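Read the structure below first, then the notes.
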């Protein structure tokens, strides 16, 4: 069904169609529209879920954990400080192998208080064992949320999935949305380690070094196995509903000499920038990283790479740039832009490519290449 | 009929736990689980019970135990209870948390779960310090007690968590003490008949923490009650009933010194602190007697 919706509404719509048994969430700007919409669905009877209106994000994730271990589908949504506040429990959710789905509306971190888009919130969760996907359109927010349940709950994965959408520049903008009837695209959840008092089991108690080490490897093994599950799920989604997604979204990359790499809504602006550059005779392409965890194998051999990071790891560099440098073993031109919601236009993105100098870092509007 | 005869023979906590000698908390756990029965999940935050249940892949518990982060027990139980009820299951969800996990780091999630009317039983077993980490001061440590972080005795009073819980107006709340296991059994059994959040606060004497010989664990609990330092009661829909052992103690409490002197943690407690404790006991007993007598 075609309609117009915000990114937040698109997420809520997908969650409604996935029928979680328990939703636990705490409001934070710019995620609030998701929890308000979920509350409306539950109150009006459109969704037969328990909606636990917790007193904090730490408790939101703890409640999802407690619900999920009984073997039911769960969902929460947060942003920024909320995500950081639940950090202890995001680790617990992944370690406990619970297929919780969470929408995170990417927002910067204080002080000072700043409610605009930035990716540092989610990227601080990169080592927790969560799968992370970053979306760029309202349609993709909806599609990725539907797929998140399938991927998380697949028995080769059983890890939580975080769907990331940029605060305001996606959460609050309206675009066309084509909803589907998911039917059996999302199969029933069968959690193999669900609590059953008939088979009393202790979960998460004292664990010695050797076992603990092995359990960490199990997480990584499932993270690696998730690659084929993501591929299969995206393929099945395309077969059923006609929209295709990959680990990255590549635009005119094949013959490009230089590739502009980004995540989130910048990736759509980048496609406009590439059109401008191509008209100028610059053979440029855009690669939008969709899945940050597991981090995909990138086809960047023989190309110059300009990476736009809407995030930063102080004392190290742009987080995305470092992931790419570690994998490709090449120097990139690292552009730090858009932090705290700084406005970055497609003209600016085109400029980053024109003025690229490999092996340098550049804070847009603040420093020259350093 | 004698309550002892009513207590089921089934054991849900097996022998050979990794509890300290003389641990009263494992005794509590034995009677809590006997009262709850097999269709029960225990939610346990970081506390002595994280250790007592044993090391993976072994467990001393014969009901499911879900271990969760320190601050998160009540929130986790909240999710679990909602999920069970949504699935039409009546499984008891019981938080079994220490005093640190209840009065200090867990108070926010506990308050939230009570405010939301979560259908669960929250049990705080209270050994009046962070026992698992080697007896550091908690909000439950009484005035004057020495811990490893209050080496000259605590200068602040014990936090009145029961008053805080009462302010949430739960359908049922009670206090108990490991020296009176039948009382624990009855109160847990009763708590689980209510829908909504219920609370039981169990005093759990701790030989290494309180510094008394292991064989004195039951005696120490009895002295706490007989001196009025700990009062056993239950409050059903706001109506207070003082339990029999405390009724007797309230008529003529034993001198507080009989409770303090055998415990190494109170060695060298200042006279003025003993007086403050005595005044608080008198005031507390008067307050509870008045509440019980009120129509």
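FYI, it's all coordinate maths here, none of it is from the lab. Since the model is a prediction, treat every value here as computed from it, not as a measurement. Neighbour counts run over all protein chains shown; Cβ positions are idealised from the backbone, glycine included.
With the simple spin-label model, which puts each label point 7 Å out from Cα in the Cβ direction, the residue B:271 to residue A:175 separation comes to 7.9 nm.
Entry note, chain A: the mean residue ellipticity at 222 nm calculated from DSSP H runs of n ≥ 4, each adding -39500 (n - 2.57), is -11500 deg cm²/dmol after division by the residues and rounding to the nearest 500.
For the range B:3-293, the relative contact order is 17 percent, taking Cα pairs closer than 8 Å that sit 6 or more residues apart in sequence and dividing their mean separation by the residue count. Can you work out the PRE-style zone for residue A:193? Point 7 Å along Cα to Cβ, and I want the residues of the range B:74-108 with backbone N under 18 Å. Inside the label zone: B:76-77, B:80. When the Cα centres of the range B:182-225 and the range B:103-164 are compared, how far apart do they sit, in Å? Using only Cα atoms to place each centre, the spacing works out to 15 Å. Site pair residue B:108 and residue A:219 shows an inter-label distance of 2.2 nm when each label is modelled 7 Å from Cα along Cα→Cβ.
Axis of helix A:57-68 versus longest Cα principal axis of chain A: the two differ by about 50°, to the nearest ten degrees. Measuring between their Cα centroids, the range A:29-66 and the range A:318-345 lie 34 Å from each other. Applying D = kT/(6 pi eta Rh) to the range B:170-215, where Rh is the Kirkwood radius over alpha-carbon pairs, T corresponds to 4 °C and eta to 1.567 mPa s, the Stokes-Einstein value obtained is 109 µm²/s.
Among A:237, A:314, A:295, rank each residue by its count of other Cβ atoms within 10 Å, from fewest to most, as a rough exposure measure.
A:314, A:295, A:237
Relative to the longest principal axis of the Cα atoms of chain A, helix A:32-43 runs at roughly 30 degrees. Of B:33, A:43, the sequence from fewest to most neighbouring Cβ atoms within 10 angstrom is A:43, B:33. Using Cα atoms only, what is the angle between the long axis of helix B:271-293 and the major principal axis of chain B, expressed in degrees (0 to 90) to the nearest 10? With rounding to tens, the tilt is 50 degrees.
Based on DSSP H segments of at least four residues, each scored -39500 (n - 2.57), chain B has a per-residue ellipticity at 222 nm of -11000 deg cm²/dmol. Under 13 Å from a point 7 Å along the Cα-to-Cβ line of residue A:201: which residues of the range A:161-194 have their amide N that close? Under cut-off, by backbone N: A:190-194.
With a ≥ b ≥ c the root eigenvalues of the C-alpha gyration tensor of the range B:3-293, is it rounded (a/c under 1.5), prolate (a/b larger than b/c) or oblate?
prolate
Where the centroid of each part is defined by its Cα atoms, how far is the range A:69-116 from the range A:233-281 in Å? What the calculation gives is 27 Å, centre to centre.
For A:89, B:229, the sequence from fewest to most other C-beta atoms within 10 Å is B:229, A:89. Relative contact order for the range B:151-295: 23 percent, from Cα pairs under 8 Å spaced at least 6 residues apart, divided by residue count. For chain A, relative contact order (Cα pairs under 8 Å, six or more residues apart, normalised by length) works out to 16 percent. Where is the GNM fluctuation largest for chain A (alpha-carbon springs, 10 angstrom cutoff): A:354, A:288, A:310? Among A:354, A:288, A:310, the largest GNM mean-square fluctuation belongs to A:354.
Rounded if a/c is under 1.5, else prolate if a/b is larger than b/c, else oblate: which is chain A, with a ≥ b ≥ c the root eigenvalues of its Cα gyration tensor? Cα axes put chain A in the prolate bin.
Taking the Kirkwood radius as the inverse of the mean 1/r across Cα pairs, report the Rg/Rh of the protein assembly as shown.
1.06
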